[in-house]
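The values are calculated or read from the model by the stated rules, or taken from the named source; none is laboratory data. Bear in mind that the values here come from a model prediction, so they are computed numbers and not experimental data. Cβ: placed from backbone, ideal geometry, glycine included. Neighbour counts: every protein chain shown. Surface accessibility is based on the protein's heavy atoms, side chains included, excluding ligands, DNA and RNA. Shrake-Rupley method; radii C 1.70, N 1.55, O 1.52, S 1.80 Å.
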Amino acid sequence: MPFAMASPAKVASLWFPEQQRMIATTVASMSNPFGILIGSALSPIIASSASKMPTMLIIWFIPCAVSTVISTFGVWSSKPPTPPSSSAAEESEPYFAGLKQIIRIKSFRVLLVVLGAGLGLFTMQITLMEQILCTRGYSDNFAGLCGALMIIVGLVTSTAISIYVDKTRNFEITAKICFAFAGVFGCGFVAASQFPNIPIIIGVIVSLFGGFGFAFYPICLELGVECTFPVAEATSTGLMMISGQLQSIIYIVLAQLVAVPLPFDQMKYQVCTLSNSADGGIAPQDFQYSLFGFAGIIVGTTILFLFAFHCEYKRLKMEREKQAIQ
């Protein structure tokens, strides 16, 4: 999985021409959440009872086996015979030399923090969605629907925006607009999740949060390549993935540590448990303060990205220079 998560920008750079790199990165990077969506939707249908669990495992084994065979025996080269662009023909920096170079680039350090925070907060929200919403009377099914809406809308918007970016090359401004709107709707979720009986509003907010957040992700991968070229694409992508995973762990742990037992006057709304905690049930937790911290991180990283990130398109600049010479 780590190798697959770090590969989209590299595959796009080596196998696709300049006008198709953004959409290629988007398709590759969105395949993971798309697979999660399909698995989450079909697994309960296939395994409607415990006795059908082996059937479900066999069914999911089939696409795993097919993809393994295709990747093992169907891919014969790491590069096409003819490079699709002048940058693809260039040799990347050796790993350790590239690593030393990359950490000195201010724009990449900003990306490392911002994209890592975005991935971390998204993972925290998806992981704790049921626990957050059940305290206000929303069912587990509704929480699952919210997660599905985030992914579905995200897949659609990321595809549309990637086509636009491929045509205009407006990486930086598009990324800033997407991240800013994702931040607005992320803060909107913090506010809306404090109220019961507004499922439509919450559904719209999480859909737009996922839409702009998912669109931001592949653009960031391409920006990471642009501002660190000629460092290997997998190096910049891999470091951003590591940042996201580390921040995910930190945010999830802190959110649960900061959570407090749900106040007595709000227990009338909760559907987290039907049992009294004294009889062995799990007491519902109030994530209000955790969510306020969530909003604070969103605001801080949005300001950082909008005002501190400025990308020099090194790869595009080199390609333009080569085209001018030719």
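What to note about this one:
- Beta carbons closer than 8 Å, at least 6 apart along the sequence or on distinct chains, pair a first residue in the range 297-314 that is in contact (Cβ under 8 Å) with a residue 12 or more places away in the chain with a second that is loosely packed, with under 13 Cβ neighbours inside 10 Å and in a helix (DSSP H, G or I) for 308/106.
- Residue list for the range 41-70, restricted to those being polar (S, T, N, Q) and either open to solvent by 80 Å² or more (accessible area, probe 1.4 Å) or closer than 25 Å to residue 148 by Cβ (or both): 43, 48, 49, 51, 55, 67
- The lone criterion from (1) open to solvent by 60 Å² or more (accessible area, probe 1.4 Å); (2) touching a Lys or Arg at 6+ places or on another chain (Cβ under 7 Å) left unmet by residue 106 is number (2).
- Entry remark, the range 157-214: residues being small (Gly, Ala, Ser) and open to solvent by 40 Å² or more (accessible area, probe 1.4 Å) number 2 in total.
- Candidates are the residues of the range 226-270 that are over 14 Å from residue 114 (Cα atoms), touching a Ser or Thr at 6+ places or on another chain (Cβ under 6 Å) and assigned to a helix (DSSP H, G or I); the one that is most open to solvent (accessible area, probe 1.4 Å) is 258.
- When residue 217 is tested against the conditions (1) surrounded by fewer than 19 Cβ atoms within 10 Å (Cβ to Cβ); (2) within 14 Å of the chain's Cα centre (by Cα), the lone failure is (1).
- When residues of the range 278-312 are limited to those that are more than 23 Å from the chain's Cα centre (by Cα) and either modelled with pLDDT of 90 or more or surrounded by 13 or more Cβ atoms within 10 Å (Cβ to Cβ) (or both), the one farthest from residue 181 (Cα to Cα): 283
- Lone qualifier among 108, 142 - being within 27 Å of residue 21 (Cβ to Cβ), of a type outside the set (D, E, K, R) and either assigned to a helix (DSSP H, G or I) or in contact with a Phe, Trp or Tyr (Cβ under 9 Å, 6 or more places away or on another chain) (or both): 108
- Listed by first and then second residue, the pairs linking a residue in the range 158-172 that is in contact (Cβ under 8 Å) with a residue 60 or more places away in the chain to a residue that is open to solvent by 30 Å² or more (accessible area, probe 1.4 Å) and assigned to a helix (DSSP H, G or I), with Cβ atoms under 7 Å apart and 6 or more places separating them unless they lie on different chains, are 162/23; 163/23; 166/19; 166/20; 166/23.
- Any hit, the range 98-112, residues being closer than 30 Å to residue 149 by Cα, touching a Leu at 6+ places or on another chain (Cβ under 9 Å), β-branched (Val, Ile, Thr) and in contact (Cβ under 8 Å) with a residue 24 or more places away in the chain: yes
- Within the range 188-210, being among the aliphatic types (A, V, I, L, M) and under 16 Å from residue 298 (Cβ atoms) holds for 190, 191, 192, 205, 206, 208.
- Flag for residue 73 being more than 30 Å from residue 320 (Cβ to Cβ), open to solvent by 30 Å² or more (accessible area, probe 1.4 Å) and modelled with pLDDT of 85 or more: yes
- Residues being within 18 Å of residue 226 (Cβ to Cβ) and surrounded by fewer than 21 Cβ atoms within 10 Å (Cβ to Cβ) are represented in the range 113-133 by at least one member.
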